[in-house]
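Values in this text are rule-based calculations from the coordinates and carry no lab data. Model, not experiment: these values are computed from the prediction. We place every Cβ from the backbone using ideal geometry, glycine too, and count neighbours over all the protein chains shown.
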Amino acid sequence: RDQPRKDINYWLMGVQSFLWNGLTWTILVVAIVYGTLWIDASFEDDCADLFFTDDPQLMEWESKGEYVKVFNRYNIFVVDSLKSANSASRVSVDRTLLVVHGFPTSSVDFAPSLTRLHERFDRVILVDLPGFGLSDKPACLAYSLQEYADVLLAVWAQRNVTGGHLMLHDMGDSVGEELLVRADRGQLPAFLQPTESTHAAQVFPSVTFNNGGMHIELASLRVSQYLLRVPVFSRLFSHLFNEFVFRRQIRSILGSPDALSEADLTTMWQAILHKNGWRRIPQTIKYIDDRYRFQNARLIPTRTALSMPVHVLWGRLDTVAPLAIASAVMADLPSDSSTLTLLDAGHFAMLENPMNWADAVLNFYQSCHKPSSGWCSVIDQALLSE
């Protein structure tokens, strides 16, 4: 007689457990959805409670540049060593350097090297892409690689740029490759590419790729980079994202944890906070999805056919964009026009050791740029195999 009663008790306990677990999961899901919707609503207001940084390094950097309005709407911060765009005709394409920064930082990454770059270039132009640094960070942009390229072209048009050498880093590698795709297909605007027969190398005489996810399948993405791309968690996680987490993640991809000063890390973080940029992180990080989407069909095919000299300048101690990516990129490029330089640095070589980084940039041009005999190719396979 006791056995049926025990069976009923077990059944009732199972039902109770099922209902309790179901209720728990329902409450959790509702909380996440409600929290995400609430955070989404707070993220959509571009003007409410904007934070403006007073970081000394950023303020000094801002004093060197100006704001350019693109699409009659967005203010984009630009540092152009040629103060007057009307003087642009005096500077040749070969003496112009166009710099594109990476995620999640900004053009100020290159500030320590700017003086050295002027040893080779008469004009250096650095732009904070929308969503980054001192530029506007609106909610309504797609923050796609294509849109970043459009913004750069709009800025360059206003600054009377007719071309220049490309200096790319991290996300900037992918944005630059989008520009190279357009140049290869004759799809650049007329101020850069007057005719479809204007060769890409006439617009961009050389390209330097710094550490970035150019073979995204080989990148060692952080957990946060995955969570920020999951719709349910992205807003919630970015709301919890703080300076401690940021500093820890940046230090993890440096050549050594103390390679950057506390002031440098503070400047990076303040640039993210400026104009509430932390709200845009779930959008700006979508470039990784674009990288997956367009890499094999659009970006790599153009890379393999590049005719201009290409410099792969890599911090070989980087743990997020490891040396395997540099090796894969070199394998893609035509061997007679590509050069590899490896530095004892991590992901931010231009900040970790600005002098060594600038030396590598200048050596590429001084030792390889020989108008009478073309460009040299220096590929250190021994270093690649380490």
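Here are the numbers for the structure shown:
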read-out: Rounded if a/c under 1.5, otherwise prolate or oblate - region 109-216, Cα gyration tensor axes; value: rounded
read-out: Under the Karplus curve 6.51 cos²θ - 1.76 cosθ + 1.60, θ = phi - 60°, whole-Hz ³J(HN,Hα) for region 349-361, x wherever Gly or Pro sits; value: 4, 5, 9, 5, 8, x, 5, 5, 5, 5, 4, 5, 4
read-out: Separation of the GLU243 and TYR67 label points, Cα + 7 Å toward Cβ, nm; value: 2.4
read-out: From phi via Karplus (6.51, -1.76, 1.60), per-residue ³J(HN,Hα) for region 161-171 in Hz, x at Gly/Pro; value: 7, 10, x, x, 5, 9, 10, 10, 9, 6, 4
read-out: Members of LYS69/LYS286; LYS64/LYS286; LYS83/LYS137; LYS69/LYS275 lying beyond 21 Å, as alpha-carbon distances in this model show; value: LYS69/LYS286; LYS64/LYS286; LYS83/LYS137
